[in-house]
Amino acid sequence: MVWPDPSTLDRAARATLAEKAAASVRASRVPVLLPAGKEWLAAAVVLSKPQWTSASMRQGDASVATTARRAAHVVPGIEPTRGNRPIRGTMGFVTQNERVWVVSWIENNVAYTTEVECAHESDVRCADDSFVIGLANGLVYVGGAFESGEKVGAP
């Protein structure tokens, strides 16, 4: 795992989080990436565990979840596959299942996902993959345990 350069920390975005969410970010053993929009950040519920950190947010009839995982699971006989779409400067995957759009990629040697689910089929945010890709590409670094000086999960 590689922690982002401290200069990329978005302090304004982190300041928008509720205290409980900010505390979970500070405890995270992975670099936390969240949507930059204040409306998403203000609604974020963040949960940090030793191997992963996840945030969920709701805005109207759309739900967003972001997850960062440190653990990689190697399946014998299956080689890593290059993603099908450019995401955040690398190749990632964009999929849809049961009307939930998912973007997944590797950054900082951490596996990230961003998911968007809309309550109504008519919601333009879920009409195609453009909203979820834009959301993933616009995620900002809001911190983690290493950023705050704690060496938990440090490289």
> Does Ser63 qualify as being touching a Cys at 6+ places or on another chain (Cβ under 9 Å), closer than 24 Å to Gly143 by Cα, surrounded by 13 or more Cβ atoms within 10 Å (Cβ to Cβ) and without any contact (Cβ under 8 Å) to a residue 60 or more places away in the chain?
Replying inline: yes
> Has region 73-85 got any residue that is of a type outside the set (A, V, I, L, M) and crowded, with 18+ Cβ neighbours inside 10 Å?
Replying inline: no
>> Return the residues of region 86-99 that are surrounded by fewer than 16 Cβ atoms within 10 Å (Cβ to Cβ) and either among the small types (Gly, Ala, Ser) or touching a residue at least 60 places away in the same chain (Cβ under 8 Å) (or both); say none if nothing qualifies.
In response: Gly89
>> Among the residues of region 30-45, what is the count of those that are outside any strand (DSSP E or B) and either closer than 15 Å to Asp10 by Cα or more than 12 Å from the chain's Cα centre (by Cα) (or both)?
In response: 10
>> If I filter region 100-115 down to residues being of a type outside the set (A, V, I, L, M) and touching a helix residue (DSSP H, G or I) at 6+ places or on another chain (Cβ under 6 Å), which single residue comes out as surrounded by the fewest Cβ atoms within 10 Å (Cβ to Cβ)?
In response: Trp101
> Do any residues in region 10-25 that are over 15 Å from Lys38 (Cα atoms) have Cβ atoms under 8 Å from those of residues that are part of a helix (DSSP H, G or I), where the two are at least six apart or on different chains, and which pairs are they?
Replying inline: Val25/Arg14
> Across region 138-155, which residue is surrounded by the most Cβ atoms within 10 Å (Cβ to Cβ) among those that are small (Gly, Ala, Ser) and modelled with pLDDT of 50 or more?
Replying inline: Gly144
>> If the requirement is being in a helix (DSSP H, G or I) and either under 28 Å from Trp3 (Cβ atoms) or not hydrophobic (A, V, I, L, M, F, W, C) (or both), which of these qualifies: Ile106, Ile133?
In response: Ile133
>> Pairs please, first residue from region 29-42 and farther than 17 Å from Arg88 by Cβ and in contact (Cβ under 8 Å) with a residue 24 or more places away in the chain, second anywhere and part of a helix (DSSP H, G or I) and not hydroxyl-bearing (Ser, Thr, Tyr), Cβ atoms under 7 Å, 6+ apart in sequence or on different chains.
In response: Leu41/Ala13
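The values are calculated or read from the model by the stated rules, or taken from the named source; none is laboratory data. Owing to the predicted nature of the structure, the values given are computational and were not obtained by experimental measurement. A quick note on method: Cβ atoms are made from the backbone with ideal geometry, for glycine too, and the neighbour counts reach across all protein chains shown.
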